1. What about residue 213, is it exposed (fewer than 14 other Cβ atoms within 10 Å of the Cβ), of a type in the set (S, T, N, Q) and within 21 Å of residue 161 (Cα to Cα)?
2. Name the residues in segment 152-170 that are closer than 24 Å to residue 115 by Cα and either more than 8 Å from the chain's Cα centre (by Cα) or in a loop (DSSP other than H, G, I, E, B) (or both), would you?
3. How about segment 257-305: which of its residues are in contact with a strand residue (DSSP E or B) (Cβ under 7 Å, 6 or more places away or on another chain) and among the charged types (D, E, K, R)?
4. Filter segment 3-25 for residues that are at pLDDT 95 or above, in contact with a strand residue (DSSP E or B) (Cβ under 7 Å, 6 or more places away or on another chain) and not β-branched (Val, Ile, Thr) and give the result.
5. Is there any pair linking a residue in segment 49-63 that is at negative phi to one that is of a type outside the set (A, V, I, L, M) and in a helix (DSSP H, G or I), with Cβ under 7 Å and at least six apart or on different chains, and which?
6. I want to confirm something. Restricting to segment 287-316 and keeping residues that are in contact (Cβ under 8 Å) with a residue 24 or more places away in the chain and either more than 23 Å from residue 230 (Cβ to Cβ) or small (Gly, Ala, Ser) (or both), which single residue is most open to solvent (accessible area, probe 1.4 Å)?
7. Applying the selection to segment 94-106, what residues are polar (S, T, N, Q), open to solvent by 30 Å² or more (accessible area, probe 1.4 Å) and within 14 Å of residue 162 (Cβ to Cβ)?
8. Could you list, in sequence order, the residues of segment 107-123 that are in contact with a Ser or Thr (Cβ under 8 Å, 6 or more places away or on another chain) and open to solvent by 10 Å² or more (accessible area, probe 1.4 Å)?
Amino acid sequence: MTKESIYGLTYDQLTEWLVDHGQKKFRAQQVWDWLYKKRVKQFEDMKNLNKECTELLKEHFVIQTLDVEIKQQSTDGTVKFLFKLQDGNLIETVLMQHHYGLSVCVTTQVGCNIGCTFCASGILRKNRDLSSGEIVEQIMNVQHHLDDQEKGERVSHIVVMGIGEPFDNFDNLVDFLRVVNDQNGLSIGARHITVSTSGLAHKIYEFADLGMQVNLAISLHAPNNELRTQIMKINRAFPVEKLMDAIDYYLEKTNRRITFEYIMLHDVNDHQQEAEELVSLLKDKRHLSYVNLIPYNPVSEHNQYQRSTAEDIKNFYAILLENGINCGVRAEQGTDIDAACGQLRSKQIKKNKKVKERV
């Protein structure tokens, strides 16, 4: 039987589990300290635990469940990890260097069922959700990578924008957020964490009710139902009107700014008309809105799309700005190492399949 990742337990869950198994409450703090501050990779290295506690943990949990299949480093410092899970599935995690710190983009599912027509992540259908431990372990593996560099660097920011729809794995996502945000552990500030959703409206309400200070980003990509449904199947279930109602609730409940992600597709959603429609859609919430214009990363499987020209992006940006919409154009990173989300995983799965066919 496959053992659970110890990283999947929040501090309160770990405390409760240890007490239920006959251990003193203070053991939780010791284990937590070894995991997230000293960052040991095996239970035997937790030197101040008694033998009974060590054996108990070994019997029920593991610390390392991910193996590095491929690690690629870009000329701009971006590092992309392809991890193999215990069941053989592959996921991607990306470390990015910014002027404000080191950010990690994590994956929440093996594959994706949302079916955005421009995205490499959805080329392969969802196989399963990741456990909270598998999501936390992505951060820990990246931090171990940084520790090995001996530069004293630490992960300071997290974006939940990798493969999968985070809100389709809601409970594990929330446990992950509680673990990485815990002040006694990695202590990554909630305002340094951003969760991106394709627009599962019912979960936006639920997320708002949690009262967490985590940032929310919406993959919008089109300002009307006809165009959004064309490029994002999820819009059939949660059309723009339903999505905006959920966003209004979130803004009223949290008073926190939302980022709207808008991928720039040549001659699809980058005209003056779409820019003006986007202005109209966001005008009543512009004080708490930020639009992130994203130059498209071409994917061979979706060759019907091309990147908008620099001139079209500039014009689109100008229309938003002139109408009081806060916006920016995302800087590109990792373009020389299969930059599009899911691209490296898809490429490796195809490669492995060809190898098997030859055998």
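1. Yes.
2. Within segment 152-170, 161, 162, 163, 164, 165, 167, 168, 169, 170 meet the criteria.
3. 257, 261, 270
4. Selection gives 5 alone.
5. What qualifies is 49/27; 49/30; 53/27; 54/43; 54/44; 57/43; 58/43; 63/43.
6. Here the residue is 290.
7. Going residue by residue through segment 94-106, those that are polar (S, T, N, Q) are 97, 103.
Now drop any that are not open to solvent by 30 Å² or more (accessible area, probe 1.4 Å), which leaves 97.
The answer is none; no residue qualifies.
8. 112, 114, 116, 123
The values are calculated or read from the model by the stated rules, or taken from the named source; none is laboratory data. Model, not experiment: these values are computed from the prediction. Reconstructed Cβ throughout: ideal geometry from the backbone, glycine too, with neighbour counts over all protein chains shown. With ligands, DNA and RNA removed, areas are computed over all heavy atoms of the protein, side chains included. Shrake-Rupley method; radii C 1.70, N 1.55, O 1.52, S 1.80 Å.
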